[in-house]
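All remarks here apply to the structure that follows.
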There are 2 protein chains.
Amino acid sequence: MINVGIIGFGTVGTGTASILLNNRDILRERTGIDINLRRIADLDIKRDRGIKLPKGILTAKTEELLDDPDIHIVVELIGGTTVAKDVILKAISKGKHVVTANKALLATHGAEIFRAAGKQKVELGFEASVAGGIPIVKVIREGLVANRIRAVYGIINGTTNYILTKMTEEKAEFSEVLKEAQKLGYAEADPTYDIEGIDSAHKLAILASLSYGPRFSIKDVYREGISWISPMDIEFARELGYKLKLLAIAKESDGKVELRVHPTMVPEEYLISKVDGVYNAVYVEGDAVGSTLYYGRGAGDMPTGSAVVSDIADIARNIVTNSVGRISLDPSRKGKSLMKMDDVQSMYYFRFSAIDKPGVLSKISGILGKYNISIVSVIQKGRHEGKAVPLVVLTHRAKEKNVLAALKEINRLSIVAGKSVFIRVEGKEGDR
Amino acid sequence: MINVGIIGFGTVGTGTASILLNNRDILRERTGIDINLRRIADLDIKRDRGIKLPKGILTAKTEELLDDPDIHIVVELIGGTTVAKDVILKAISKGKHVVTANKALLATHGAEIFRAAGKQKVELGFEASVAGGIPIVKVIREGLVANRIRAVYGIINGTTNYILTKMTEEKAEFSEVLKEAQKLGYAEADPTYDIEGIDSAHKLAILASLSYGPRFSIKDVYREGISWISPMDIEFARELGYKLKLLAIAKESDGKVELRVHPTMVPEEYLISKVDGVYNAVYVEGDAVGSTLYYGRGAGDMPTGSAVVSDIADIARNIVTNSVGRISLDPSRKGKSLMKMDDVQSMYYFRFSAIDKPGVLSKISGILGKYNISIVSVIQKGRHEGKAVPLVVLTHRAKEKNVLAALKEINRLSIVAGKSVFIRVEGKEGDR
């Protein structure tokens, strides 16, 4: 029998407990191991979570759980980067295997925690830290182990995907949809973490570490949120054949790794464009396997619990067969170095607020040309002589550095009213 | 160092060899194990496969490979159910671990082979047997281990998906598109295996065994091919909001398992409807994780090779950590029993060739009503008094047995010209 202790009895803790209790039979059939939920620690042991627990397993004292010599696996579901870190390091130091769903912690202090686990020869499971129920960590580490990973594109934050989907479907403003999402419980009261792309960036750091090693951290990820997106840009994207998604991108180019989270225009016929609402998806391209995509719920008690319990089962198998460390936490990989955002190349969508008079396009395209940015197409909507109208430009691949410099120059033109908008565009050159 | 021998140097054999040779460094970095391609056996050792092999590794004698005491893992890529079976059983009897991509063999003689491997305590990897590069075997066995699987829906044959996609896009006849597919190498000269759903049924038997245990075989799978599909039905499906796909379905209902492969109408907004061309996808619904989908190339040298090599890496890890048998091949699962096709319930699309005169619909719907089949919608296209016109009926959930009986009665009506067409419809009741 393998004993499990859960610390943190919130949403995911409840889901995990209920799976361990309700699906114990099927876990035993499949693994041959009896996995027993022995303790749950949480500050609040009063609140009814709607599940029936065996008597006496709840405790308010984390130590009771950490000091229990019979507990093999500690599941950290507290969240945050302070208490959670202490708890994990303590559990490791006591020789316990750890499972966590804590992306913020791993993306911030991952190196330290992985090192500690490696030293103590304990397992550290983190399937639940990225994309909820989608077993993407296992897929990249094991299923696609034979591949050089060319690129990872993820819709890995349900809140922002829900908001962008609604903005697209209802041609609604960001602020309206955010309010609605908050009412429905899809967005937090303070939505910063999600809408500014921080959550996606945490998860991307983890995916990138798996794909490109060594350990990337949140600091390596370039990041833009979605709060500035206007329905007008979504509509122009549609006209041009694109959907707007908050993509987390890890990509190898010229031997370096690009890591970036930002609103991205994706060709509407790509499968990932069709991932709507709170769902997540991760597209992985490997040199052997080609294009693959993994889709499912990225959050929620039961989907995330499913991922937590898959880690528990894996670790239980390793304990029983005495093969702890079977998959190295930090293999001696050379690892790729990070590409500076300045050097990143992308296609771009620009929306200029340009005064409607002759010669404007020539001025703007002249500046773009000077910076080696070549144009694929131009849309000018509406006529309003002497007033500002939107002028939309789609470009071929260009260097970020050049784009920023060109926009700076364009924004200074008297014929351009206000700051120009730019959105990066994905898809193979020549796809359109 | 772990030594690998490949038997069968065809398409997948070549892909596997090239991954083992070209990505040896990355496999070593990730697994910490040096995986060495030691021998390749094939009857034809002359033909140029376009890859550079180390000297002396090719042999025409399978025995040379099987008798080599230094080979740990034998990869069977011969195909078919005769020689391949001998080779695998011989390899097992010599204590070698086996990796195979052979779905026909596993779906036919799986029980015998798994038993032999279990007895000899060797590993049997078969990731490549279903859905090519998509790591679906690992996903179901490990990633979703915590879930009771509710349903598996697969587009797991690229040839038929290519044909149906082309028929849909070009409103073309089956026979035309088949010819085109043969020219492009997407369909074999004798396409029976693919177009009659046999290949899908083999793979479904494997997926069902993983999901519902014990071991299901090809004999348990109800099967219909796509050669009788007409562009007219694809067009009616589109009008009704559906795409036509050859789905492989394993589903638990009332404690029994339905296993069936047949053309299926799927709501066009479902993600799996958007899987086009030669791509494969498997949708898996678990009680905890909810809806998930896995997408990628289902065939080809490199994608399938990617799956073969992931098995090799897994087994190498188990050999090195002395944890062979870590994942049981045939866990002591009670297993679900098979539901008879007669008892399967589904929604249905009917197309009657009905004489255009008053009272016809009333007669047909009367018979349907008698068999407890209730109608969702009716389309009658074109008017041609006294002549046969298509009459399309969409139903609520009904029992297969009743549907067959009702159709028999309807086909006997003098107002119905020729045999009626029926296609099963998936999607949640009330979705439309």
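The values are calculated or read from the model by the stated rules, or taken from the named source; none is laboratory data. Just so you know, these numbers come straight off a predicted model, no measurement behind them. Cβ atoms come from the backbone with ideal geometry, glycine included; neighbour counts cover every protein chain shown.
Structure above, values below:
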{"quantity": "Boolean, residue A:196 is on the phi < 0 side of the Ramachandran plot and either at pLDDT 95 or above or buried (at least 23 other Cβ atoms within 10 Å of the Cβ) (or both)", "calculated": "yes"}
{"quantity": "Number of positions in the stretch A:300-317 that are more than 7 Å from chain B (Cβ to nearest Cβ) and buried (at least 23 other Cβ atoms within 10 Å of the Cβ)", "calculated": "7"}
{"quantity": "Every residue from the stretch A:242-258 that is acidic (Asp, Glu), more than 14 Å from every other protein chain (Cβ to nearest Cβ) and in a strand (DSSP E or B)", "calculated": "A:258"}
{"quantity": "Unique match (being under 20 Å from residue A:305 (Cβ atoms) and either touching a Leu at 6+ places or on another chain (Cβ under 6 Å) or of a type outside the set (S, T, N, Q) (or both)) among A:80, A:56", "calculated": "A:80"}
{"quantity": "Residue in the stretch B:259-297 that is farthest from residue A:302 (Cα to Cα), counting only those that are part of a strand (DSSP E or B) and free of Cβ contacts under 8 Å to residues at least 60 places away in the same chain", "calculated": "B:293"}
{"quantity": "Qualifying residue in the stretch B:417-424 (condition: outside any loop (DSSP other than H, G, I, E, B), out of contact with any helix residue (DSSP H, G or I) (no Cβ under 6 Å at 6 or more places or on another chain) and not hydrophobic (A, V, I, L, M, F, W, C))", "calculated": "yes"}
{"quantity": "Selection count where residues are assigned to a loop (DSSP other than H, G, I, E, B) and surrounded by 19 or more Cβ atoms within 10 Å (Cβ to Cβ), scope the stretch A:111-122", "calculated": "1"}
{"quantity": "Selection status of residue B:224, charged (D, E, K, R) and farther than 27 Å from residue A:131 by Cα", "calculated": "yes"}
{"quantity": "Selection within the stretch A:21-40 - more than 8 Å from chain B (Cβ to nearest Cβ) and of a type in the set (A, V, I, L, M, F, W, C)", "calculated": "A:21, A:33, A:35, A:37, A:40"}
{"quantity": "Cβ pairs under 6 Å, 6+ apart, first in the stretch B:351-374 and touching a residue at least 40 places away in the same chain (Cβ under 8 Å), second loosely packed, with under 12 Cβ neighbours inside 10 Å", "calculated": "B:353/B:418"}
{"quantity": "Complete set of residues in the stretch B:394-425 that are buried (at least 19 other Cβ atoms within 10 Å of the Cβ) and over 32 Å from the mean Cα position of the chain (by Cα)", "calculated": "B:410, B:416"}
{"quantity": "Qualifying residue in the stretch B:318-331 (condition: crowded, with 19+ Cβ neighbours inside 10 Å, in a strand (DSSP E or B) and of a type outside the set (A, V, I, L, M, F, W, C))", "calculated": "no"}
{"quantity": "Matching residues, the stretch B:259-290, being under 30 Å from residue A:311 (Cβ atoms) and away from chain A (no Cβ under 11 Å)", "calculated": "none"}
{"quantity": "Residue count, the stretch A:254-280 (criterion: under 16 Å from the mean Cα position of the chain (by Cα) and of a type in the set (A, V, I, L, M, F, W, C))", "calculated": "5"}
{"quantity": "Positions within the stretch A:133-143 being closer than 16 Å to residue A:283 by Cβ and more than 7 Å from chain B (Cβ to nearest Cβ), in sequence order", "calculated": "A:136, A:137, A:140"}
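Per-residue answers, yes or no, for (1) closer than 30 Å to residue B:28 by Cβ; (2) within 23 Å of the chain's Cα centre (by Cα); (3) away from chain B (no Cβ under 14 Å):
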site	(1), (2), (3)
A:321	yes, no, no
A:336	yes, yes, no
A:341	no, yes, yes
A:350	no, no, yes
A:368	no, no, yes
